[in-house]
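> Dropping the structure in here first, questions after.
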Amino acid sequence: MLRLLTSLLFVALASGCGRPSYNPSTRVVNGEDAVPYSWPWQVSLQYEKNGAFHHTCGGSLIDPQWVMTAGHCISSSLTYQVVLGEYDRAENEGPEQVIPINAEDLFVHPLWNPNCVACGNDIALIKLSRPAQLGDSVKLACLPPAGEILPNEAPCYISGWGRLITGGALPDKLQQALLPVVDYEHCSKWDWWGSSLKTTMVCAGGDIRSGCNGDSGGPLNCPAADGSWQVHGVASFVSAFGCNARKKPTVFTRVSAFNEWIEETMASH
């Protein structure tokens, strides 16, 4: 019965989600400027330092009052805000919504271990201090059905304001890059990610296009059969040898492994 209720809730949440008003370009590291507001669930998670807020991670708006991000993006010692409807961080373009976050509204997965990123469970939820105003530039992400596994080479996109090259600068404009899925069979080979890869993770990309610092917590956007987009991954880690190291695709937390925790957390807070 719990599984049925979970499925029904996610169907209810999903209605109208995952459908941008501005279609993403079909033509990040070796990525490209995204079409403005074509990933309208993308958020910028920012922390306060010396009286100013700075971008630290991405995230996905999954409910008018909830954002999904990575566990490693959250520190109990920092003050955060979320910016919705963002595109060019250097400009105030009008659609931005800046929403403060209360310290008690940060929910990191209970099994996340900050000293062991490869142990998995790198996922967190943030409850916004007020609901987002939905519109053309701010929409909800769809989540995949529980347990769904994408096939090898499924055509997904990463989006974010992460560094354009290893150790480089953060871009002003939202970036996107096509990152085809690398299935578990390939990505867990000894000379790929080996035992560091868990079945609750999903790999995408390769040695040309990848996520990088600043993309963490952001979405892996994948097309669904009905024409909508689903967020199948939360950007988690890349190789210590560089963001686009050979045989080290970007690793994401697999969202479909955490549907029950997501629903229970949102329902109980």
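> Across the chain, what fraction of all alpha-carbon pairs, as a whole percent, falls in each successive 10 Å bin from zero upward?
7, 34, 39, 18, 2
> Run down the lysines and flag those whose C-alpha is under 20 Å from the C-alpha of Lys247, throwing out any fewer than 8 positions away in its chain.
Within the straight-line cut-off, Lys247 pairs with Lys189, Lys198.
> Counting other beta carbons within 10 Å of each residue's own, what order do Lys189, Lys139 fall into, fewest first?
Ordered from fewest to most neighbouring Cβ atoms within 10 Å, Lys189, Lys139 come out as Lys189, Lys139.
> Translational diffusion coefficient of segment 51-136 at 10 °C, 1.306 mPa s, Stokes-Einstein with Kirkwood Rh over Cα pairs, in µm²/s as a whole number.
114 µm²/s
> For Lys139, which lysines qualify as cross-link partners when the Cα separation must be under 22 Å and same-chain residues fewer than eight apart are set aside?
Lys127, Lys173
> Continuing with this model, one more query. What do you get for chymotrypsin sites (Phe, Trp or Tyr not before Pro) in segment 119-197 restricted to DSSP loop and a cutoff of at most 14 other Cβ within 10 Å of the site's Cβ?
Passing sites in segment 119-197 are Trp190.
> With a 10 Å radius around each residue's Cβ, average the other Cβ atoms per peptide and rank 110-117, 56-63, 95-102, highest first.
Top to bottom by mean Cβ count within 10 Å: 56-63, 95-102, 110-117.
Computed from the coordinates by the stated procedures, all read-outs in this text should not be read as laboratory data. As the structure is a prediction and not an experimental result, all values here were calculated from the model. Positions of Cβ are backbone-derived with ideal geometry, glycine not excepted, and every protein chain shown enters the neighbour counts.
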